[in-house]
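The block underneath contains the structure these notes are about, expressed in structure tokens.
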Amino acid sequence: MADNDQHEGGTPAEHNRTHADIDTSKPSVSRVYDFMLGGKDNFAVDRQVAEAALRIAPDAPAAARSNRAFLRRVVRHLAGEAGVRQFLDIGSGLPTQGNVHEVAQQIAPDARVVYVDNDPIVLAHGRALLAKNGGTTVVEADIRAPEAIIDHPAVRSLIDFEQPVGLLLFGILHHLHDDEEPEAIAARLRAALPSGSYVALSHFHNPGPDMPEVSEQATAAEKLFNEHLGTGRWRTRDEILAYFGDLQLLEPGLVPLAEWRPDPGEPVERGITYHTFVGGVAHKP
Ligand SMILES: C[S@@+](CC[C@H](N)C(=O)[O-])C[C@H]1O[C@@H](n2cnc3c(N)ncnc32)[C@H](O)[C@@H]1O
């Protein structure tokens, strides 16, 4: 827990391992995002990057909040109307308000959730949060090795790949470089899902010359992210649509996050960043 060291749960040995694994000399994606969401699990190096990002995109915190609100609406829909009982959340990030299991289990108490992230701080905090929840677990793994996630014993212990799965890829595929072949990785994950499953994702978006001011901000943010975090791609609409393959996109399709089935009266902040973060949900028939 960064500056205000407050680990709960787990054994002392786990705590030592956790502290040893967390590199506080370099910024991390999950901790910069935590700062944008108003969290406390970040260090000075993370805040420096976040503050530089805020100079380019002052409304970035609104975009981060909008992503969490989108995630909550999607999970509510999947656990409710769609009847999904098992979720695989890859690139889950640090626990925050409205975690997937909290939203899903409010609707379906028997819903099972596996959180996957490659940042050790997520594992440490996830364990503490989930210690008493039998229907959830957190796994440290890398999406660039998708079969290792699908075959992971902890994943298999909660997720039955014969039953519909909600695969959640919120804010992660844009952290893969083009040469890491995110489209092929998404295809390998889709292939592991049985029919009746859903893929939901959110992704940084560069609208190109149709929206020059937005595109300029996306390009500047991409440069900053890559200099400091080593990742970050603001992709075109077609590149993002490709992650759904031949699955059927649910209405309203791939849209700015706040436009995906908004709750009545939900506040929407339409700054430039609004157009640089899009999401959608698709069904495997
Ligand atoms: C921006 S956060 C998104 C958190 C959450 N999914 C959300 O949308 O609110 C991206 C997360 O993806 C994780 N991540 C980045 N690259 C990854 C990789 N190759 N494998 C697994 N997780 C990764 C980061 O550690 C971070 O926690």
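Details
- Charge dipole (the chain, unit charges on Cβ, about Cα centre) - positive-most of ALA192, GLY80, THR276: GLY80
- Seen through its C-alpha gyration tensor, with square-root eigenvalues sorted a ≥ b ≥ c, region 157-285 comes out oblate because a/c lies at 1.5 or above while a/b is not bigger than b/c.
- Entry note, the chain: the mean residue ellipticity at 222 nm calculated from DSSP H runs of n ≥ 4, each adding -39500 (n - 2.57), is -11500 deg cm²/dmol after division by the residues and rounding to the nearest 500.
- The string of couplings for region 253-259 from the Karplus curve (6.51, -1.76, 1.60, θ = phi - 60°) is x, 8, 9, x, 3, 5, 8 Hz, one whole number per residue in order, with x for Gly and Pro.
- Sequence-distant residues sharing a close amide H with LEU249 (under 5 Å, placed H): HIS283
- Relative exposure of THR137, THR236, judged by other C-beta atoms within 10 Å (fewest first): THR236, THR137
- Stretchable slack from ALA131 to GLN48, in nm (0.36 nm times residue separation minus alpha-carbon distance): 26.7 nm
- Cα gyration tensor, region 18-123 - rounded (a/c under 1.5), prolate or oblate: oblate
- Whether region 74-163 is rounded, prolate or oblate, judged on the alpha carbon gyration tensor where a/c under 1.5 counts as rounded: oblate
- Note on LYS132: lysines with a C-alpha under 29 Å away, same-chain residues under 8 apart excluded, are LYS40.
- Straight-line cross-link reach from LYS223 at under 18 Å between alpha-carbon atoms covers these lysines, not counting any fewer than eight positions away in the same chain: LYS26.
Read-outs: derived from the displayed coordinates by stated rules, not from any lab. Remember, it's a predicted structure, so these values are computed and weren't measured experimentally. Because the Cβ atoms are built from the backbone with ideal geometry, glycine has one as well, and the counts that use them run over all protein chains shown.
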